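A quick write-up on the structure given underneath.
The values are calculated or read from the model by the stated rules, or taken from the named source; none is laboratory data. Values in this document were obtained by computation on a predicted structure and should not be read as measured data. All Cβ positions, glycine included, derive from the backbone under ideal geometry; neighbour counts span all protein chains shown. Ligands, DNA and RNA are stripped out before the accessible areas are found, and what is left, the full protein with its side chains, is counted by its heavy atoms. Shrake-Rupley method; radii C 1.70, N 1.55, O 1.52, S 1.80 Å.
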Amino acid sequence: MQREVWFEKVGWSYMPRHWKGFGVLTAVILSTVVAILLGQAMLDGLGYFIADWLPFPMFLIPALLLLLGIAKRHS
């Protein structure tokens with residue numbers, strides 16, 4: 001089975017070249033930003049003001065790995 005090419009390898013990175021690549025990139029970025037903001041708001045609501053940095057790596061690193069996996073598969 002041949003996969004659709006959504007991303008193109010440029011140097012050490014991947015760039016979207018199809019509308020589905022842009023769609024996947026946008027969906028993952030927006031959901032990650034929303035999750036980070038909601039996590040920070042939840043921690044502030046619980047009184048953990050010093051732990052605002054915690055949602056950033058907790059949601060960003062898995063999102064980055066997911067995007068790299070999708071880009072590698074569809075390049």
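Does F22 count as modelled with pLDDT under 90 and open to solvent by 70 Å² or more (accessible area, probe 1.4 Å)? Spell out how you get there, then give the answer.
Values: modelled with pLDDT under 90: no; open to solvent by 70 Å² or more (accessible area, probe 1.4 Å): yes.
It is false that F22 is modelled with pLDDT under 90 and open to solvent by 70 Å² or more (accessible area, probe 1.4 Å).
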Q. Conditions: (1) part of a helix (DSSP H, G or I); (2) at pLDDT below 95; (3) not aromatic (F, W, Y). S75 meets all but one. Number of the miss?
A. (1)
(Q) What are the pairs with Cβ atoms under 6 angstrom where one residue, in the stretch 1-25, is closer than 17 Å to G69 by Cβ and the other, located anywhere, is part of a loop (DSSP other than H, G, I, E, B) and charged (D, E, K, R)? Sequence gap at least six, or different chains. (A) E8/R17
Q: Exactly one condition in (1) of a type in the set (S, T, N, Q); (2) surrounded by fewer than 13 Cβ atoms within 10 Å (Cβ to Cβ); (3) assigned to a helix (DSSP H, G or I) is not met by Q2; state its number.
A: (3)
